[in-house]
Ligand SMILES: *[C@@H]1O[C@H](CO)[C@@H](O)[C@H](O)[C@H]1NC(C)=O
């Protein structure tokens, strides 16, 4: 009897050491379903997704070493990827994201980026992946809507859905993503307004929403977002005026509102904000004078106010700026002498073209 028990115990021990060469069966099944619904033939990445240990040498899959649960899926079709940069190729993947991916309930990172051909919807069940920190699906052909309850992803730091065909509104629940640092929804088909309470995203440093069909105005409360450094709302249908509050933002360094229907006047505080290095307000309906509030700490890599309804003179203080790399005041109704001084020396005629009656270097004299 005892001998039999020992023999059984030994047999079990041997079996279990061989069985360790498998990842959790539910993770394995989920990844197999993901593989089955995607096609990538150029590089054959999915050839490495074979056998039963999905934690071992499955391209782009990583597990937590202690739990042996799948925590990362990281597949990029562009050259940042080591395999692709070596071959100088750009990847292509088609198919869609199988909803079984939602069974990977330890997943913290899901990157399926720049494959150009992935279609279908974002599985709505992704919002059950409560550990998810990074969701990056940039550069595909994903359509449908952003899951309405995206705000459930309390750990989310990075949400990048740019360069797809996503429609519908930015879900109201998004304002509950309290830890979100990077939001990139550029170049989709999103409509509706920027959600009320957007400024609750107090950790957000980049909000990139350009190239959609967003309407409504720039919320005044955006000025209360302490970490927002880069706000890009360009090429939408945003109207109303630029809130004064944007001029008080301490870390805002890039503001792109070009290609909208913004009216009203230029807030003085915005133009005198030290940190703002790139300001593009081109192709709107902004009127009034350019406030004469520049100073020795004004430092603009780019200041583009072209294609608006600005009138009056170019402010004299602009010539006291420390640096102006690129200035475009063309296609307005400006008049009078172009200031002289260091920041203007390198500027050429196109910076001032198509105004009412500007004169002086580099245009004709008066
Ligand atoms: C500003 O935006 C306009 C219109 O979208 C674009 O054509 C222009 O190149 C931008 N200016 C700069 C300096 O990037």
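The values are calculated or read from the model by the stated rules, or taken from the named source; none is laboratory data. These figures come from a predicted structure and were not determined experimentally. Every residue, glycine as well, gets a Cβ built from its backbone with ideal geometry; the counts of neighbours run over all protein chains shown.
How about the stretch 182-202: which of its residues are surrounded by 16 or more Cβ atoms within 10 Å (Cβ to Cβ) and assigned to a loop (DSSP other than H, G, I, E, B)? Selection gives 185, 186, 187, 188, 194, 195, 201. Just checking, does the stretch 248-259 include any residue being more than 16 Å from the ligand (Cβ to nearest atom), surrounded by fewer than 18 Cβ atoms within 10 Å (Cβ to Cβ), within 18 Å of the chain's Cα centre (by Cα) and within 27 Å of residue 322 (Cα to Cα)? Yes, because at least one residue in the stretch 248-259 is more than 16 Å from the ligand (Cβ to nearest atom), surrounded by fewer than 18 Cβ atoms within 10 Å (Cβ to Cβ), within 18 Å of the chain's Cα centre (by Cα) and within 27 Å of residue 322 (Cα to Cα).
Looking at the stretch 351-359, can you tell me whether even one residue there is within 16 Å of the ligand (Cβ to nearest atom) and closer than 27 Å to residue 219 by Cβ? Taking every residue of the stretch 351-359 in turn, none turns out to be within 16 Å of the ligand (Cβ to nearest atom) and closer than 27 Å to residue 219 by Cβ.
Has the stretch 228-235 got at least one residue that is away from the ligand (no atom under 15 Å from the Cβ) and outside any loop (DSSP other than H, G, I, E, B)? Checked against the condition, which is being away from the ligand (no atom under 15 Å from the Cβ) and outside any loop (DSSP other than H, G, I, E, B), the stretch 228-235 yields no hits at all. Among the residues of the stretch 40-71, those that are out of contact with any helix residue (DSSP H, G or I) (no Cβ under 6 Å at 6 or more places or on another chain), outside any loop (DSSP other than H, G, I, E, B) and under 24 Å from residue 119 (Cα atoms) comprise 45, 47, 48, 61, 71. Scanning the stretch 107-136 for residues that are touching a strand residue (DSSP E or B) at 6+ places or on another chain (Cβ under 6 Å), under 16 Å from residue 31 (Cα atoms) and not in a strand (DSSP E or B) gives a single hit, 108. Against the conditions (1) away from the ligand (no atom under 16 Å from the Cβ); (2) assigned to a loop (DSSP other than H, G, I, E, B); (3) in contact with a helix residue (DSSP H, G or I) (Cβ under 7 Å, 6 or more places away or on another chain), residue 242 satisfies every one except (1). The set of residues in the stretch 294-305 being surrounded by fewer than 22 Cβ atoms within 10 Å (Cβ to Cβ) and touching a strand residue (DSSP E or B) at 6+ places or on another chain (Cβ under 8 Å) consists of 299, 300, 301, 302, 304. Within the stretch 306-321, restricting attention to residues that are more than 13 Å from the ligand (Cβ to nearest atom) and within 21 Å of residue 217 (Cβ to Cβ), the residue that is surrounded by the fewest Cβ atoms within 10 Å (Cβ to Cβ) is 309. The residues in the stretch 260-280 that are closer than 15 Å to residue 311 by Cβ and within 16 Å of the ligand (Cβ to nearest atom) can be counted, and the count is 1. The number of residues in the stretch 325-336 that are surrounded by 15 or more Cβ atoms within 10 Å (Cβ to Cβ), assigned to a strand (DSSP E or B) and either at pLDDT below 95 or away from the ligand (no atom under 12 Å from the Cβ) (or both) comes to 3. Quick check: anything in the stretch 84-94 in contact (Cβ under 8 Å) with a residue 12 or more places away in the chain, closer than 24 Å to residue 40 by Cα and under 16 Å from the mean Cα position of the chain (by Cα)? Taking every residue of the stretch 84-94 in turn, none turns out to be in contact (Cβ under 8 Å) with a residue 12 or more places away in the chain, closer than 24 Å to residue 40 by Cα and under 16 Å from the mean Cα position of the chain (by Cα).
Does residue 358 fit the bill of being at pLDDT 95 or above and either crowded, with 16+ Cβ neighbours inside 10 Å or under 20 Å from residue 234 (Cα atoms) (or both)? For residue 358, the condition - at pLDDT 95 or above and either crowded, with 16+ Cβ neighbours inside 10 Å or under 20 Å from residue 234 (Cα atoms) (or both) - is met.
Taken over the stretch 277-305, the criterion of being in a strand (DSSP E or B) and under 26 Å from the mean Cα position of the chain (by Cα) is satisfied by 278, 279, 280, 299, 300, 301, 302, 303, 304.
For the stretch 322-342, the set of residues classified as over 13 Å from residue 355 (Cβ atoms) and out of contact with any strand residue (DSSP E or B) (no Cβ under 7 Å at 6 or more places or on another chain) consists of 339, 340, 341, 342, listed by residue number.
What about residue 318, is it in contact with a strand residue (DSSP E or B) (Cβ under 8 Å, 6 or more places away or on another chain) and part of a helix (DSSP H, G or I)? When the stated conditions are applied, residue 318 passes them. Across the stretch 205-220, a minimum of one residue is classified as modelled with pLDDT of 95 or more, part of a loop (DSSP other than H, G, I, E, B) and in contact with a helix residue (DSSP H, G or I) (Cβ under 8 Å, 6 or more places away or on another chain).
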